[in-house]
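Reviewing the structure listed below.
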Amino acid sequence: MTRTGRSVLVTGGNRGIGLAIAQDLAARGDRVAVTYRTAAPPPGLYGVACDITEPDAVARLFEKVTVEQGPVEVLVANAGIVRDALLLSMTDQDVDEVLDTNLRAVIRVVKHASRQMLAERWGRLILVSSSAAFTGSPGQTNYAAAKAGLVGLARSLAWELGPRGITVNVVSPGLIDTDMTRDLSKARREQFLSRTPLGRPGRAEEVAAAVRFLASAEAGYLTGAVLPVSGGLGMGI
Ligand code: NDP
């Protein structure tokens, strides 16, 4: 069944990759809610202030989105942070914050969305991981561990929800130009690009195009997949 005007939720949809995804889906007729903490999203998106590491705030988020635009049919778990340091210099707080935001909170959000999708017997769950999960990345042990965890989460959930018409997939971006990567040192940036066959960073809109496909009716036979949007960085891993 082709669905129009779907109820979409994008976490961290007020800027960067999340905003590009939210605007792309909204431009194609979906009703799109986004979470934000620091700054509200631009007009055309339903913004809900929510820190996804707070369980009560996430419960309220789903209540608000349901009232505003109906039960969530497409979830894009995009919000994420970095706290980079070599492991021996990494604090417990660096580890906890990254695991809380990039893994535990995703499980929480996915659980709420799954419950709504099960009732509808249709849904698209899309998790934003990272090529770091596959290639490894010095200085990002916390981040890579959390992002690799999303793959296990997606693939286990694909088994649980597949019989109910719900797909669970992962996008795995390489180096994308956003606030997150703006302060990378020149050397680090060149290191990434030297391992990227296309030889340039990606644009948030290019990640959005992959998410649009995974969210579409045409992707109905795709689940448990990891779709790299990385210019070839880490291909074949
Ligand atoms: P940005 O730093 O530009 O944006 C991060 C987004 O996550 C913001 O919207 C931010 O909200 C939100 N966020 C962070 N923590 C929380 C929280 N606790 N609760 C709610 N929202 C939160 O990052 P990108 O757009 O670059 O990254 C988006 C996703 O893509 C992340 O998961 C990232 O790990 C992943 N990714 C990015 C790559 C890149 O090269 N840029 C490469 C591979 C993966 P707020 O504005 O309120 O802070």
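Size of segment 7-229 from its Cα atoms: along the principal axes, largest to smallest, the extents are 48, 36, 35 Å. Each part reduced to its alpha carbon centroid, segment 44-72 and segment 97-169 end up 18 Å apart. Under a Gaussian network description of the chain, with springs only between Cα atoms under 10 Å, the residue in PRO163, PRO71, PRO201 that fluctuates furthest is PRO163. Taking 18 Å as the straight-line reach from the Cα of LYS111, the lysines in range (excluding those fewer than 8 positions away in the same chain) are LYS64, LYS147.
What net charge is computed for the residues neighbouring GLY231, neighbours being all others with C-beta under 15 Å from the C-beta of GLY231, Lys and Arg scored +1, Asp and Glu -1? Once positives and negatives cancel, what remains is 0. Mean residue ellipticity, 222 nm, helices only, the chain: the sum of -39500 (n - 2.57) across DSSP H runs of n ≥ 4, divided by residue count and rounded to 500, is -13000 deg cm²/dmol. Helices in the chain that qualify as membrane-span-like (whole DSSP H runs, Cα extent of at least 15 Å along the helix axis, mean Kyte-Doolittle hydropathy of -1.0 or higher) are 16-27, 55-69, 105-120, 141-161, 204-215. On the beta carbon distance between ARG155 and ASP179, with R0 = 22 Å, the FRET formula returns roughly 0.15.
Approximating the spin labels as points 7 Å out from Cα along Cα→Cβ, the GLU205-to-ALA59 distance works out to 4.2 nm.
Provide the packing ranking of 173-179, 214-220, i.e. peptides ordered by the mean count of other C-beta atoms within 10 Å per residue, highest first.
Those peptides, ordered most packed to least, come out 173-179, 214-220.
Determine the shape class of segment 75-127: with a ≥ b ≥ c the square roots of the Cα gyration tensor eigenvalues, call it rounded for a/c under 1.5, and otherwise prolate if a/b is greater than b/c, oblate otherwise. Each step should come with its number before you reach the end.
Working: a/c = 5.38, a/b = 3.30, b/c = 1.63.
Verdict is prolate for segment 75-127.
A straight chain from ARG189 to ARG121 at 0.36 nm per residue would run longer than the Cα-Cα distance by 20.1 nm.
Readers should treat all values here as calculations from the given coordinates under stated rules, not as data from a laboratory. Just so you know, these numbers come straight off a predicted model, no measurement behind them. All Cβ positions, even for glycine, are placed from backbone atoms using ideal geometry, and neighbour counts span all protein chains on display.
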